[in-house]
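The values are calculated or read from the model by the stated rules, or taken from the named source; none is laboratory data. This is a predicted model, so every value here is computed, not measured. Glycine gets a Cβ as well: all are built from the backbone with ideal geometry, and neighbour counts include every protein chain shown.
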Amino acid sequence: MNVRPGVEVAGLSDVGCQRENNEDSYLYWEPARDEEFRRKGRLAVVADGMGGHEGGQEASRLAVETVREVYYQAFRGDPRAALVDSLLAAHSRIQNYADLNPAFYGMGTTCTAIVVRGRQLHFAHVGDSRLYLVRKGNISRLTHDHSYVGRLVESGIVRAEDAETHPQRHILTAALGAGLTVNVDSSEQAIELQDGDHLLLCTDGLWGMVTEEEIAKAVIQNSPADCCAALVRLARQRGGPDNITLQVLRIGPES
């Protein structure tokens, strides 16, 4: 994985303790040419597939590959617009794949994708894979879950602090490949990053077993690679019922 100066990146995906297959996928990518890198930035993607063992694997794989391909090809100067286009293209590609392969009917995936260009962060997502920002010891969630419980929180029926342990918290209301259309959430404007900021993308196999305070502590106390290992280990110690995938990016001085 080629990583230019300015960030430290690590990722890890683990099957967990109860699943036979890993239906998660993740990707980190930078353009090879320096001029394109300055225009397009760094891309990171995490996806959590569903629809049976092979269906989920294929859906998440298609999602991360399509996002990279379309972001690279469809970029017209606006990272946010290119991210949204890439997730919409992944939605269509997954549906087309299922139409051509009836055994994969019902396949779908969450997807959270970010672009870091210089010191600016853009993101887009569908589903309940999350993006966190850890700054000076404080953690904030930048995405909101497209889930049944997420809707209950937004309507005031369930308190936000109770949502993390709600028994129906993993029921999705949106996923790539599911439904005729999909609405992609994205950052309305770029978020300015600072030296020492950490970005963490993860699937629900992590956030469903580990608290946000524990995530922040692991990020602060470890290198990105050691942070990934520590958080996966903690999720597995608590039963690891799902696949566990995360990426951590630590923002450093610009080159």
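Here are some notes:
- Candidates in the range 185-211 are the residues that are surrounded by 15 or more Cβ atoms within 10 Å (Cβ to Cβ), at pLDDT 95 or above and small (Gly, Ala, Ser); of these, the one that is farthest from Gly6 (Cα to Cα) is Gly205.
- Considering (1) buried (at least 17 other Cβ atoms within 10 Å of the Cβ); (2) more than 17 Å from Gly205 (Cβ to Cβ), the lone condition that Met1 does not fulfil carries the number (1).
- Filtered residues of the range 129-145 (kept if of a type outside the set (Lys, Arg) and modelled with pLDDT of 95 or more): Ser129, Leu131, Tyr132, Leu133, Val134, Asn138, Ile139, Ser140, Leu142, Thr143
- Only one entry in Val134, Val126 is β-branched (Val, Ile, Thr) and free of Cβ contacts under 8 Å to residues at least 60 places away in the same chain, namely Val126.
For every residue, the table says whether it meets (1) crowded, with 18+ Cβ neighbours inside 10 Å; (2) among the hydrophobic types (A, V, I, L, M, F, W, C).
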{"site": "Ala81", "(1), (2)": "no, yes"}
{"site": "Asp85", "(1), (2)": "yes, no"}
{"site": "Gly106", "(1), (2)": "no, no"}
{"site": "Val116", "(1), (2)": "yes, yes"}
{"site": "Arg119", "(1), (2)": "no, no"}
{"site": "Phe123", "(1), (2)": "yes, yes"}
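- Residue match in the range 167-184 (condition: assigned to a strand (DSSP E or B) and at pLDDT 90 or above): yes
Quick grid of which residues meet (1) of a type in the set (Asp, Glu); (2) free of Cβ contacts under 8 Å to residues at least 12 places away in the same chain; (3) in contact with an Asp or Glu (Cβ under 9 Å, 6 or more places away or on another chain):
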| site | (1), (2), (3) |
| --- | --- |
| Val3 | no, no, yes |
| Glu8 | yes, no, no |
| Asn21 | no, no, yes |
| Leu27 | no, no, yes |
| Pro31 | no, no, no |
| Asp34 | yes, yes, no |
| Lys40 | no, no, yes |
| Gly49 | no, no, yes |
| Ala63 | no, no, no |
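- Among the conditions (1) out of contact with any helix residue (DSSP H, G or I) (no Cβ under 6 Å at 6 or more places or on another chain); (2) surrounded by 21 or more Cβ atoms within 10 Å (Cβ to Cβ); (3) of a type outside the set (Ser, Thr, Tyr); (4) without any contact (Cβ under 8 Å) to a residue 24 or more places away in the chain, Pro224 misses just one, which is (4).
- Qualifying position, being in contact (Cβ under 8 Å) with a residue 40 or more places away in the chain, outside any strand (DSSP E or B), more than 21 Å from Leu133 (Cα to Cα) and aliphatic (A, V, I, L, M), among Ala89, Ala98, Ala81: Ala98
- Of all residues making up the range 212-255, the number that are at pLDDT below 95 and not acidic (Asp, Glu): 3
- Every listed requirement among (1) of a type outside the set (A, V, I, L, M, F, W, C); (2) within 15 Å of Tyr26 (Cβ to Cβ); (3) not in a strand (DSSP E or B) is met by His125 save one, (3).
Per-residue answers, yes or no, for (1) closer than 24 Å to Ile191 by Cβ; (2) among the aliphatic types (A, V, I, L, M); (3) touching a Cys at 6+ places or on another chain (Cβ under 9 Å):
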site	(1), (2), (3)
Phe37	yes, no, no
Lys40	yes, no, no
Ala47	yes, yes, yes
Glu54	no, no, no
Ala59	no, yes, no
Leu62	no, yes, no
Glu69	no, no, no
Tyr72	yes, no, no
Leu83	yes, yes, no
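- Positions within the range 1-34 being assigned to a strand (DSSP E or B), over 21 Å from Asp197 (Cα atoms) and more than 14 Å from the chain's Cα centre (by Cα), in sequence order: Asp14
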